[in-house]
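A.B. asks: Could you have a look at this structure, given as structure tokens, before my questions?
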Amino acid sequence: QVQLVESGGGLVQPGGSLRLSCAASGRIFSFDFMAWYRQAPGKGRELVATITNGGSTNYADSVKGRFTISRDTAKNTQFLQMNSLRPEDTAVYYCSAKRFPVTYWGQGTQVTVSS
């Protein structure tokens, strides 16, 4: 049974930064890839960033140059560093991990960008 637990969300002013963490109960190098998604009120879930088992990363156009996905395999944790935050980044952020064919999800952490 894989468990993913996010932390690090909160309230931040526009232009500020937050670092989200996702602690996995299993060894993260066993996953095909890991990702961060977000869901804003009244909208569908959006893919934010992915990182493969080999360390390759990919980002949504809306966060390129501002967000960085990374991982610490020794700590079985992945991170999302979010800089230059905008009000439109406000959403619940979810950690995801895929070990084909199963996708695992965390419970989500709220990020609110507001002055």
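Okay, residues lined up against (1) on the phi > 0 side of the Ramachandran plot; (2) open to solvent by less than 70 Å² (accessible area, probe 1.4 Å); (3) β-branched (Val, Ile, Thr); (4) modelled with pLDDT under 95:
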{"residue": "GLN3", "(1), (2), (3), (4)": "no, no, no, yes"}
{"residue": "GLU6", "(1), (2), (3), (4)": "no, yes, no, no"}
{"residue": "GLY10", "(1), (2), (3), (4)": "yes, yes, no, no"}
{"residue": "TYR37", "(1), (2), (3), (4)": "no, yes, no, no"}
{"residue": "GLY54", "(1), (2), (3), (4)": "no, no, no, yes"}
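A.B. asks: Name the one entry in THR52, THR68 that is under 10 Å from the mean Cα position of the chain (by Cα) and over 17 Å from GLY108 (Cβ atoms).
C.D. replies: Only one candidate qualifies: THR68.
A.B. asks: Among (1) touching a residue at least 60 places away in the same chain (Cβ under 8 Å); (2) aliphatic (A, V, I, L, M); (3) part of a loop (DSSP other than H, G, I, E, B); (4) surrounded by fewer than 18 Cβ atoms within 10 Å (Cβ to Cβ), which single condition is ALA74 missing?
C.D. replies: (1)
Here is a yes/no grid of residues against (1) among the polar types (S, T, N, Q); (2) open to solvent by 50 Å² or more (accessible area, probe 1.4 Å); (3) in contact (Cβ under 8 Å) with a residue 24 or more places away in the chain:
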site	(1), (2), (3)
THR50	yes, no, no
ALA60	no, no, no
ARG66	no, no, no
ASN83	yes, yes, yes
THR90	yes, no, yes
TYR94	no, no, yes
TYR104	no, yes, yes
GLY108	no, no, yes
VAL111	no, no, yes
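The values are calculated or read from the model by the stated rules, or taken from the named source; none is laboratory data. If you're wondering where the values come from, they're calculated on a predicted model, not measured in any experiment. All Cβ positions, glycine included, derive from the backbone under ideal geometry; neighbour counts span all protein chains shown. SASA here: full protein model, heavy atoms, side chains in, ligands and nucleic acids out. Shrake-Rupley method; radii C 1.70, N 1.55, O 1.52, S 1.80 Å.
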